[in-house]
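Data first, discussion second: the structure below is written as structure tokens.
Quick note: the coordinates plus some simple rules give every number you see, no bench work behind them. Since this is a predicted model, take the numbers as computed values, not measurements. Here the Cβ is made from the backbone with ideal geometry for all residues, glycine too, and neighbour counts use every protein chain on show.
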Amino acid sequence: MLQKLKAVVTSNVTALLFASATAITATTGWLGELRTASIYAVCGLISLYALTWLFFLTRDMLMVRTMAGGNLKYPVCYRKVDHDWRISEAGDFYGKYSFECQNVSASDLSVIPFDEIWINAYDKVDITTRVSADEKKFSIRESRQSLYGFALKMLSRALDVRAISWSQVVDPPIPPRDSIKYEVTISTPRTEKDAFSTEGALAGIPTNIPTQEAKLSLSAPPGFAFTFLDPIIVVDGSGQRDVQAEQQTKGPGLNPQRTLVSWELHSPKTGKRYLFRYRLERI
């Protein structure tokens, strides 16, 4: 029942209906004597809608945190994740994330839990989702996305983190042990401009959901090369380091021209972020 209510509240159609009702009530006078009462009624409904929407958003974020802490079993795992990232000379970020997601629960699964990435402060973000070209069995009926920010202290530095999270509604539901392949693309202008500074920027692989294999490819803009600044770090959602995971994990590598970063993780710990700091230098 709660899941059905969530589907109605978070639906784009529901949002459109409330927006239309608000516009009609605010801009027309055909309601006559009932206009004031109608405005109060519409405002009350809008407030209820907003509070309910906020409830589900907060619940989903808390669920991600709870799962990452190992206190709730995941219904899915990523068999493979490929991160293909590019940075422009202006500091624009473009990332394509390819997932092979398996239902490891005992029942059909229609909603893939929220996953998220951290990124620097942004003025604009574009997110698109599509089923992979070789996927014939399933479709993405709805892609739910959330954007939020929070303060984080990591490596004695105060960071203003922006999180981009998403969840997929799959049609038909995924049977137990079956998998779906899909892609998420994210672009943000000028979020990686620190990569050209002396301090550099952080990049890495999040493992919010149990993952068997994760790969990252990060390409430099033409005329630039990568330099690694620090050893890798592994942190949880609160920024606390996992020194044991750091010692057990091999860091990323570079091609001979230093224009491409490659990193592979096999069965990494869940609820972590495997990070490295880098700088882009002109060549």
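The table for this structure:
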| read-out | value |
| --- | --- |
| DSSP bridge pairs, the range 76-282: antiparallel proportion in percent, nearest 5 | 90 percent |
| In range of the label at SER88: residues from the range 182-211 whose backbone nitrogen is under 12 Å from the point 7 Å along Cα→Cβ | 187-192 |
| GLN240-TYR74 FRET efficiency (beta carbon distance; Förster radius 22 Å; 0.05 resolution) | 0.60 |
| Charge context of GLN102, other residues only, Cβ under 15 angstrom, K/R +1, D/E -1 | 0 |
| Loop-located GluC sites (Glu not before Pro) in the range 174-283 whose Cβ has at most 14 other Cβ within 10 Å (DSSP) | GLU199 |
| Cross-link pairs LYS73/LYS269; LYS73/LYS272; LYS73/LYS250; LYS181/LYS250; LYS73/LYS137 - those with Cα-Cα distance over 23 Å | LYS73/LYS250; LYS181/LYS250; LYS73/LYS137 |
| Estimated FRET transfer efficiency (ASP123, GLU199; beta-carbon r; R0 30 Å; 0.05) | 0.90 |
